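Below is one structure; the comments refer to it alone.
The values are calculated or read from the model by the stated rules, or taken from the named source; none is laboratory data. Treat the numbers as computed from the prediction; the structure is a model and nothing was measured. Ideal geometry is used to build each Cβ from the backbone, glycine not excepted, and the neighbour counts take in all protein chains shown. Keep in mind that these areas ignore ligands, DNA and RNA; they rest on the heavy atoms of the full protein, side chains included. Shrake-Rupley method; radii C 1.70, N 1.55, O 1.52, S 1.80 Å.
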Amino acid sequence: MLHVEGPLLTVDVGAHETVETSVDDVLETFIGGRGVATRLAHDRIPFDADPFGAENSVFFSTGPMQTSNMSFTGRMNCTSLSPLTGGLLSSNAGGFMSRNFADTGYSVVEFTGTSDELVVVHVTDEGVEFEPVPDLDGATVPETTTYIEDTHGLSAEHVACIGPAGENRVRFASIMTTESRAFGRGGLGAVLGAKNVKAVTFAGDSRPQVEIPPIQMDVHRDAATSDHIMKEQGTTSVTDLANEVGALPTRYFSELQFEGVNGINGDRVGEKKYKRGTCSACAFACKLPTRDEERGVETEGPEYETVMSFGSNCAVDDIVDVMQSNELCDRYGMDTITCGNVVAAYLASEDEFGNTALIHETVEKIAKREDEGDLLAEGIDRFHEDLGVDNWTVKGLDFAAHDGRTLNGQGLSYAVANRGADHMFTTMYAWEYPLVAQEEALNPTGLKGKAPHVVKQENARALEDCGIVCRFSRSFMTPERFEGLFDADYDELLAVGSTVVELERYFNNQRGFDRTDDTLPYDLPDFEAALDDYYAQRDWNEDGTVPNEHVSDDPATAD
Ligand code: SF4
């Protein structure tokens, strides 16, 4: 089976020490990316660790495909304990850093400990440098990136950094790379902030040699010649469909269709797009550099999720206002989904939906933890009672934009996902809208027979995150192509994905998560039976925990 190459580098930012460890057995079993990082996190982070404590680690990792020139591979993984959910959480960012990371020669870089002073950590194939940067205290993402460009001659594509939100431990702070790409969900930026790490850089000339089968060229050609609408509108191409079927959360999840959708849909985003945008090596190029000259707003995105969180969910019907919120979140380093949903909750409590001046002011206050921003920075699960609003979260993570009340299988997926109400761990919505071929489509209503599908899609998405292959390769990366690329039977590859999901769940079980956390803030027909079926499919206990015997100390024999 194809897998990433290179040792693990552990960087103790408190002791200023580094250790290289061979982890070949982990790489051979888990391929790379999320899988390898999950196994290492399981083995190295104490089950009772504080997400903000020195004992928590942040793992950056790539897969074997980050040494290739294939489309859909310009992404990399970050894994840590989330200060938002309290569980193990992996987040995946696009952009251009994955190749520069691979050039260091490491498969995984772990940051642990806590620095006494604000530092930038420079990782190269020749060593690690710890640079005190007191002057970057409170610096935004563009300011930090510019400093590193000017001082070290490293482009934004070498940099992962946090903004003021990360320094202020906003529980949904992101780690930003290439300025506008985010390891967004779950607050991993706040973990770096707690470690006093303002930025990390990756550079070198030691990219491992991985033999990538020639089938990569077929994928690349198909990506280049495709006329998919995502090339024009990115993920926002789904906005009208979501609204039409009643799956577009609106006014803090109180409605499912937005009367102002025409002001924020894919057409409006497409009109603001001013150049092609992509990730490294990707000919599909679905990214969205957008600009509004009249108001002087320039950003990348918004993606569909942000169109929901800062658009329909805040009752905002002007795409430029959403672009501005997007730009603010990127500048301060915050997840646009959670931040938008948090602001929507605040607007609901104040009866101020659609007040764009208040929205933008609130985003700034959250990043700086000023006034009510201090409470909002804790996330909906922690503040909803103070504000008197409903708790639209699962396991502490707020909902993504494909509503499970209409797309019921996606709802089940939100309930069971290890990182909470996030859409990327199954993308069940794609089968329920549907965005896939009609013969593969699922009736969105009801949960009968959906649990096996959720299991299969969770495993398939985890496999992609090990590879690492982008979610939007759906129409291009067939099972046969996975087999050809990774030199293994597809069922064997899905089993790797399954082991990753199980290990995340096992870790979280040790932190107290069980069936009582696999819940939704709304009723779905036959939900408890579907949960039973989901656990049975995975051979887990009825209380949603993983039997101890499933998890081995030896990664090579992990079930
Ligand atoms: S499909 Fe889009 S998000 Fe995925 S790697 Fe290509 S440009 Fe990046």
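Laid out as a table, the results:
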read-out	value
Rg ratio (alpha-carbon, reference 2.2 N^0.38 Å) - segment 402-555	1.02
With every protein chain in place, the chain: carbon and sulfur % of accessible area (1.4 Å)	42 percent
Where only C-alpha atoms are counted, convex hull volume of the chain per residue in Å³	131 Å³
Rg ratio (alpha-carbon, reference 2.2 N^0.38 Å) - segment 8-203	0.91
log10 of Debye I(q)/I(0), alpha-carbon scatterers only, for segment 166-244 at 0.18, 0.19 Å⁻¹	-0.95, -0.95
Segment 1-120 - share of DSSP beta bridges that are antiparallel (%, nearest 5)	80 percent
Cut-off 17 Å (backbone N to label point 7 Å along Cα→Cβ of Glu117), residues of segment 181-207	195-199
Solvent-accessible area per residue for segment 437-476 (1.4 angstrom probe, square angstrom)	40 Å²
Greater than 28 Å apart at Cα, pairs in Lys198/Lys287; Lys231/Lys450; Lys198/Lys273; Lys195/Lys368; Lys231/Lys448; Lys273/Lys456	Lys231/Lys450; Lys198/Lys273; Lys231/Lys448; Lys273/Lys456
Karplus (6.51, -1.76, 1.60) ³J(HN,Hα), θ = phi - 60°, over segment 179-184, in Hz, Gly and Pro reported as x	6, 10, 9, 10, 7, x
Among 299-308, 444-453, 31-40, the order from most to least packed when residues are scored by Cβ within 10 Å on average	31-40, 299-308, 444-453
Alpha-carbon centroids, segment 25-53 and segment 431-453: separation in whole Å	32 Å
In Hz, Karplus ³J(HN,Hα) per residue of segment 107-116 (6.51, -1.76, 1.60; θ = phi - 60°; x = Gly, Pro)	7, 9, 10, 9, 10, 9, x, 9, 7, 6
Euclidean distance between Cα centres, segment 513-553 to segment 141-161, Å	44 Å
Residue-by-residue Karplus 3J(HN,Hα) for segment 71-84, coefficients 6.51, -1.76, 1.60, Hz, glycine and proline x	4, 6, 10, x, 9, 8, 10, 9, 10, 6, 7, 8, x, 8
Within-15-Å neighbourhood charge of Glu370 [Cβ basis; K, R +1; D, E -1]	-3
Label-point separation, Ser349 to Lys448 (7 Å along Cα→Cβ), nm	4.3 nm
Mean accessible surface per residue for segment 8-203, computed with a 1.4 Å probe while every protein chain stays in place, in Å²	26 Å²
Computed magnitude of the charge dipole of the chain (debye, nearest 20; Cβ of K, R +1, Cβ of D, E -1)	900 debye
Förster radius 41 Å - calculated FRET efficiency between Glu259 and Thr519, Cβ distance, rounded to 0.05	0.85
For segment 226-398, alpha-carbon Rg over 2.2 N^0.38 Å	1.00
Pair Ile229, Asp374: separation of 7 Å Cα→Cβ label points (nm)	4.7 nm
Relative contact order (%) - the chain, alpha-carbon pairs under 8 angstrom, separation at least six	16 percent
Bridge type composition, segment 8-203 - antiparallel percent by DSSP, nearest 5	75 percent
